[in-house]
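What follows is a set of notes on a single structure, which appears directly below.
None of the figures in this text is laboratory data; all of them are computed from the coordinates on show. Here the structure is a predicted model, which is why all the values come from computation and not from measurement. Virtual Cβ from ideal backbone geometry, glycine too; neighbours counted across all protein chains shown.
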Amino acid sequence: MTAAPGGRILSAMELLPAHFPGGADARLAADPRLDRCAVCPRGCGANRRAGQRGWCGRGALAEVASVCLHRGEEPAVSGPGGIANVFFVGCNLRCVYCQNWQISRAGSPACFESLDAVAGEVLRLVAAGASAVGFVSGAHVAPQVEALAAGLRARGAGMPFVLNTNAYERPEALHRLAGLLDVYLPDFKYADPELAEQLSGARDYPGVALEALRQIYARTGPKLALDERGQARRGLIVRHLVLPGHVENSVACLRLIARELSPEVWVSIMAQYQPTAEVAGDPTLSRRVTGADYAAVLEEADRLGLENGWRQELASAGDWNPDFERGDPFS
């Protein structure tokens, strides 16, 4: 069971509608933002409603690779019951080291192509005890995220909604989502444009992502509101994945977070990098993060006063990397 916004407890039957309310699929099919796509900073202009694929490789459908219960996010995000994560197919970055490469590449298949079907699975997990709903990698599918979140809210889903994003977002998309979301979980990958171009094909990433973080921070401030169970109810957590051989980038990212947002902002420093086949020949990315490199990053975080948040154990590398060929990617 879960509580509706007014406090009434919703039963499992109430959370499992025969048809998703409001005709979300029909509304999405009529969304003019997909005619000449400018949903994300790529601004590729594809007519996704007419069947063209955008730079991200996706069309107008709600293409989702997996809807699953995940307990491996930050403790305040997963909460006591785990989070019902919706993993969208495709991406507007092309990170050569992507841990979700099975679903982020342009030709990746989708398991769901209907908001009705996605919502039904989300609500099943909620009825089974999931304490939050997460929208993962949604920058290139902002209209789909908006339609799904609005439909779930209309049905009475009152748990926290979490936007898990690479931060390569358009301000307009974030603005439209503002009234539907509670917790923001953006990455801040790069401070160096050349590294962003080399590893993700997005030279403008540092400026675009920093502006997205500023916009979110203006809405949330530094405080992360937690309930009595330690579940995040509202706020911002900035994630940074430490890459092997690129300590200087991590240090620069942390300095920008402290300077442009606040040293009080909650930061999750991640050590879970694991090489994929695509970087097998790279002299730095083909190895894991060393203890010395990670210690240097954490030392800078201490120096900057970034005390709120989480720091992964170095030994956790690979622990939470999914396999989307399994029914439960994180089993």
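Some points to look at:
- Couplings 3J(HN,Hα) for the range 78-90, derived from phi with the Karplus relation 6.51 cos²θ - 1.76 cosθ + 1.60 (θ = phi - 60°), are 4, x, x, x, x, 10, 7, 8, 9, 9, 6, 7, x Hz, where x marks Gly and Pro.
- Placing unit charges on the Cβ atoms of the charged side chains and taking the dipole of the range 2-316 about its Cα centre, the candidate lying farthest along the positive direction among Asn308, Val39, Pro193 is Val39.
- Residue-by-residue Karplus 3J(HN,Hα) for the range 91-98, coefficients 6.51, -1.76, 1.60, Hz, glycine and proline x: 6, 9, 10, 10, 5, 5, 9, 3
- Here the calculated FRET efficiency for Ala50 and Glu194, from their Cβ-Cβ distance with R0 = 41 Å, stands at 0.70, rounded to the nearest 0.05.
- Helix-only mean residue ellipticity at 222 nm for the chain, each DSSP H run of n ≥ 4 adding -39500 (n - 2.57), per residue, nearest 500: -8500 deg cm²/dmol
- Multiplying the residue separation of Arg71 and Trp310 by 0.36 nm and removing their Cα-Cα distance gives an extension gain of 84.5 nm.
- Potential lengthening between Thr290 and Ala128 on full extension [0.36 nm per residue; Cα-Cα distance subtracted]: 54.3 nm
- 5 angstrom amide H check on Arg233, placed H, neighbours 5+ away: Ala225, Leu226, Asp227
- P(r), alpha carbons of the range 289-331 - 5 Å bins starting at zero, rounded %: 5, 17, 21, 16, 15, 11, 9, 5, 1
- Options Ala128, Asn85, Leu181, ranked by Cα towards positive dipole end of the chain, top entry (Cβ charges): Leu181
- Magnitude of the charge dipole, the chain, Cβ model with Lys/Arg +1 and Asp/Glu -1, debye to 20: 800
- Here the ratio of the Cα radius of gyration of the range 153-241 to 2.2 N^0.38 Å is 1.18.
- Between Arg229 and Arg214, the contour length at 0.36 nm per residue exceeds the alpha carbon distance by 2.5 nm.
- With kT/(6 pi eta Rh) evaluated at 4 °C and eta = 1.567 mPa s, and Rh the Kirkwood radius from Cα pairs, the range 89-181 diffuses with a coefficient of 91 µm²/s according to Stokes-Einstein.
- Amide proton proximity set for Glu73, modelled H, under 5 Å, gap of 5+: Ser78
- Convex hull volume per residue, computed on the Cα atoms of the chain, equals 122 Å³.
- Karplus 3J(HN,Hα) series, Hz, for the range 255-270 with 6.51 cos²θ - 1.76 cosθ + 1.60 (x for Gly, Pro): 5, 5, 4, 5, 7, 8, 10, 5, x, 8, 5, 7, 10, 10, 9, 10
- Close amide H partners of Arg288, meaning residues 5 or more places away or on another chain with modelled amide H under 5 Å apart, do not exist here.
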